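Report on the following structure.
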2 protein chains.
Amino acid sequence: MAERLFGHVPGYPEGSLFENRSELNASRVHIPTQAGISGSQTEGAESIVLSGGYEDDADYNDMIIYTGHGGRDPRTGQQTHDQPFTRGNRALALSKQNGLPVRVIRGASHDSPYSPPSGYSYDGLYVVEDFWHEVGKSGFKIWRFRLEKIPENTTVGQEIIAEDPGDYSVPNRREVRVSRIIRDTVQARAVKALYDHRCQICGTRLECPAGPYSEAAHIRPLGAPHNGPDTKDNILCLCPNHHVLFDNGAISIAVDLSLICTEGDLTVHRDHHINQDHLAYHREHLLVTCED
Amino acid sequence: MAERLFGHVPGYPEGSLFENRSELNASRVHIPTQAGISGSQTEGAESIVLSGGYEDDADYNDMIIYTGHGGRDPRTGQQTHDQPFTRGNRALALSKQNGLPVRVIRGASHDSPYSPPSGYSYDGLYVVEDFWHEVGKSGFKIWRFRLEKIPENTTVGQEIIAEDPGDYSVPNRREVRVSRIIRDTVQARAVKALYDHRCQICGTRLECPAGPYSEAAHIRPLGAPHNGPDTKDNILCLCPNHHVLFDNGAISIAVDLSLICTEGDLTVHRDHHINQDHLAYHREHLLVTCED
């Protein structure tokens with residue numbers, strides 16, 4: 001099987017139109033002819049199709065709330081079970097974790113002003129900003145993914161011509177340039193200062209030549225649909241390692257401030273009030289447990 | 001003193017023109033009336049002026065190589081000493097470390113096709129992509145900073161209206177949205193797979209629900225002027241914490257693969273050849289030692 005291609009597919013710029021799924025398949029813009037998510041659990045997801053399959057989807061053009069798959073009755077299409085954290089759902093979570101770009105294709109059957117009148121349109125690259133679980137309209141658990149469009153002039157999938165490929169040369173490859181967005185606000189700086197840049201989970205303080213380094217982690221994420229506030233009671237001071245674990249649902253924090261899925265307790269400064277509602281939100285929606 | 005303002009200054013969009021340094025000062029686009037770098041060692045640098053002071057500067061419009069300050073004879077302007085890693089130089093390094101946006105102002109005396117015919121122009125926001133030291137044309141050590149323009153439609157300095165400010169409310173603040181750019185290439189994925197996502201420095205493997213997480217660190221940085229190749233012999237598999245330390249010059253690697261400025265040795269897989277020239281480049285240009 002050919003290598004999975006992240007980023008734009010050469011020859012198919014944003015706005016390319018396709019009559020049907022087999023044309024999409026032939027172009028490699030979206031390979032599966034049935035599944036809405038193309039990807040693997042070990043490499044991530046590289047493309048999705050919005051085709052009106054899920055009542056919980058929401059489309060604001062530059063921002064999409066996409067519902068994962070699974071748990072539906074194959075005959076009726078009704079949601080009859082919880083969606084598992086496997087296959088495409090896990091592949092999209094991995095794309096979030098690794099910051100990989102995802103191609104978005106809209107089908108005419110997708111109920112949105114941004115859908116094409118017929119067939120399918122390739123609508124560019126998005127990043128999965130976050131993923132979480134909730135109870136859908138059906139009453140069953142669904143996985144949801146917030147995708148944000150990558151501005152067109154951002155370097156993604158740019159061809160790199162290796163001038164000195166050395167011993168490990170391979171044919172010219174495409175660069176996928178991805179980011180971890182680290183927000184730095186006045187409130188974030190205040191929390192980091194309160195802990196003198198020591199991680200509230202492990203106590204690590206990264207000593208860099210220009211000064212200590214830490215990151216501000218929002219407990220309830222900023223942005224729709226979570227709408228967590230940028231206030232100190234919603235911010236933790238973490239080292240990058242624990243920030244990655246916290247943001248990807250590997251660990252969380254209990255009511256008594258003990259850590260979930262790792263040893264120990266959160267260190268909390270006496271002047272730092274942490275909002276219990278935000279902690280509950282993280283446990284209920286962001287944490288991914290073994291049962292998922 | 002007023003709070004340091006990162007990002008655009010309200011009322012002064014990109015392209016704003018100023019007759020002289022006192023107009024720049026009054027606008028707060030660049031506050032100091034003499035210094036080329038505005039910032040502090042503890043908060044970072046928020047603006048620089050290119051005014052032809054350094055023979056080593058290079059200006060490609062969207063990418064600028066900026067030379068730090070210090071070590072010059074105040075009478076002649078000649079470089080007569082090494083530039084120290086203090087004041088504005090360290091402030092710009094901190095802006096790099098924390099991903100803060102820097103306002104760039106060009107003066108008419110700056111020798112570049114992008115300079116205004118007279119006075120000063122505010123030319124938008126840049127990120128400090130990397131910093132390093134080298135021997136300048138003068139024969140003395142200089143600090144250099146590569147700045148890359150942030151595309152205009154990127155969210156930087158956007159006003160956040162806190163809907164639920166809670167107990168820790170403050171007046172509406174500006175968000176500074178910054179990124180750590182983590183490149184993910186085919187070569188990077190191969191190196192991460194070779195180590196099964198274990199950090200070559202500390203052995204940490206971050207276990208996330210969607211899969212293990214690690215980062216690929218380029219030893220000799222990609223991009224001008226370093227032009228490090230995207231090849232396995234120039235890539236390390238690191239945890240985010242050690243990636244931050246390595247990229248910000250806190251640690252490096254000796255010829256015998258022992259670690260510099262931290263305990264231990266680099267773990268190297270028998271199928272992973274690491275290029276000694278790239279290690280030497282990192283030690284000589286990226287590492288910041290106490291003598292700096």
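Please give the helices (runs of 4 or more DSSP H) falling wholly within region B:180-292 in which 2 or more residues are away from chain A (no Cβ under 12 Å). Before the answer, list the steps.
Values: elements: B:186-194, B:240-247, B:276-281.
Filter on region B:180-292 gives B:276-281.
Quick check on region A:6-23: of everything there that is assigned to a loop (DSSP other than H, G, I, E, B) and of a type in the set (D, E), which residue is farthest from A:L147 (Cα to Cα)?
Within region A:6-23, the first condition is being assigned to a loop (DSSP other than H, G, I, E, B), and the residues that meet it are A:6-16, A:19-20.
Checking which are of a type in the set (D, E) leaves us with A:14, A:19.
Values: A:E14: 16, A:E19: 25 Å.
Out of the qualifying residues, it is A:E19.
Answer yes or no as to whether A:T76 is buried (at least 18 other Cβ atoms within 10 Å of the Cβ) and either among the polar types (S, T, N, Q) or at positive phi (or both).
Values: buried (at least 18 other Cβ atoms within 10 Å of the Cβ): no; either among the polar types (S, T, N, Q) or at positive phi (or both): yes.
No, not satisfied.
Being small (G, A, S), open to solvent by 30 Å² or more (accessible area, probe 1.4 Å) and without any contact (Cβ under 8 Å) to a residue 40 or more places away in the chain narrows it down to one residue among B:A280, B:A210, B:A193, B:A216; which is it?
Working: B:A280 fails: open to solvent by 30 Å² or more (accessible area, probe 1.4 Å); B:A210 fails: open to solvent by 30 Å² or more (accessible area, probe 1.4 Å); B:A216 fails: open to solvent by 30 Å² or more (accessible area, probe 1.4 Å).
Selected residue: B:A193, the only one of B:A280, B:A210, B:A193, B:A216 that is small (G, A, S), open to solvent by 30 Å² or more (accessible area, probe 1.4 Å) and without any contact (Cβ under 8 Å) to a residue 40 or more places away in the chain.
Mind listing just one residue for me: the one in region B:92-112 that is in contact (Cβ under 8 Å) with a residue 40 or more places away in the chain and surrounded by fewer than 24 Cβ atoms within 10 Å (Cβ to Cβ) and, of those, nearest to A:V186 (Cα to Cα)?
If we filter region B:92-112 for residues that are in contact (Cβ under 8 Å) with a residue 40 or more places away in the chain, which is where we start, we get B:92-107, B:109-112.
Of the ones still in play, those that are also surrounded by fewer than 24 Cβ atoms within 10 Å (Cβ to Cβ) are B:99, B:104, B:106-107, B:109-112.
Values: B:G99: 14, B:V104: 22, B:R106: 28, B:G107: 31, B:S109: 35, B:H110: 34, B:D111: 37, B:S112: 35 Å.
Ranking the qualifying residues of region B:92-112, first place goes to B:G99.
Does A:H69 meet the test of being open to solvent by 40 Å² or more (accessible area, probe 1.4 Å), within 30 Å of A:G139 (Cβ to Cβ) and assigned by TED's automatic domain parsing to the domain that holds A:F145?
Taking the combined requirement at face value, the residue does not satisfy it.
I'm trying to understand the selection: among the residues of region A:246-275, which are open to solvent by less than 20 Å² (accessible area, probe 1.4 Å), closer than 21 Å to A:P229 by Cα and within 22 Å of the chain's Cα centre (by Cα)?
A:F246, A:N248, A:G249, A:I251, A:S252, A:I253
Among the residues of region A:24-41, write down those that are over 17 Å from A:L147 (Cβ atoms) and either without any contact (Cβ under 8 Å) to a residue 12 or more places away in the chain or open to solvent by less than 20 Å² (accessible area, probe 1.4 Å) (or both).
Result: A:L24, A:N25, A:A26, A:S27, A:P32.
Which number in (1) under 15 Å from the mean Cα position of the chain (by Cα); (2) under 22 Å from A:H226 (Cβ atoms) marks the one condition that A:L50 misses?
The single condition A:L50 does not satisfy is (1).
Exactly one condition in (1) aliphatic (A, V, I, L, M); (2) at pLDDT below 90; (3) closer than 20 Å to B:C239 by Cα; (4) open to solvent by less than 10 Å² (accessible area, probe 1.4 Å) is false for A:I182; which is it?
Among (1) aliphatic (A, V, I, L, M); (2) at pLDDT below 90; (3) closer than 20 Å to B:C239 by Cα; (4) open to solvent by less than 10 Å² (accessible area, probe 1.4 Å), the lone unmet condition for A:I182 is (4).
How many residues, within region A:222-232, are touching an Asp or Glu at 6+ places or on another chain (Cβ under 8 Å) and open to solvent by 10 Å² or more (accessible area, probe 1.4 Å)?
5
If you check B:S38 against the conditions, is it outside any helix (DSSP H, G or I) and under 22 Å from B:A108 (Cα atoms)? Before you say what the answer is, go through the steps one by one.
Working: outside any helix (DSSP H, G or I): yes; under 22 Å from B:A108 (Cα atoms): yes.
Spelling it out, B:S38 is indeed outside any helix (DSSP H, G or I) and under 22 Å from B:A108 (Cα atoms).
Does region B:145-152 contain at least one residue that is surrounded by 23 or more Cβ atoms within 10 Å (Cβ to Cβ), at pLDDT 95 or above and within 14 Å of another protein chain (Cβ to nearest Cβ)?
There is at least one residue in region B:145-152 that is surrounded by 23 or more Cβ atoms within 10 Å (Cβ to Cβ), at pLDDT 95 or above and within 14 Å of another protein chain (Cβ to nearest Cβ).
Sort through B:I219, B:I274 and tell me the only one that's of a type in the set (V, I, T) and farther than 30 Å from B:Y60 by Cβ.
Details: B:I219 fails: farther than 30 Å from B:Y60 by Cβ.
From the options B:I219, B:I274, the qualifying one is B:I274.
In region B:42-66, what residues are surrounded by fewer than 17 Cβ atoms within 10 Å (Cβ to Cβ) and of a type in the set (A, V, I, L, M)?
Scanning region B:42-66 gives B:A58, B:M63, B:I65.
The values are calculated or read from the model by the stated rules, or taken from the named source; none is laboratory data. Everything quoted here is computed from the prediction, not taken from an experiment. When we count neighbours, we look across all protein chains shown, and the Cβ atoms used for this are built from the backbone with ideal geometry, even at glycine. Surface accessibility is based on the protein's heavy atoms, side chains included, excluding ligands, DNA and RNA. Shrake-Rupley method; radii C 1.70, N 1.55, O 1.52, S 1.80 Å.
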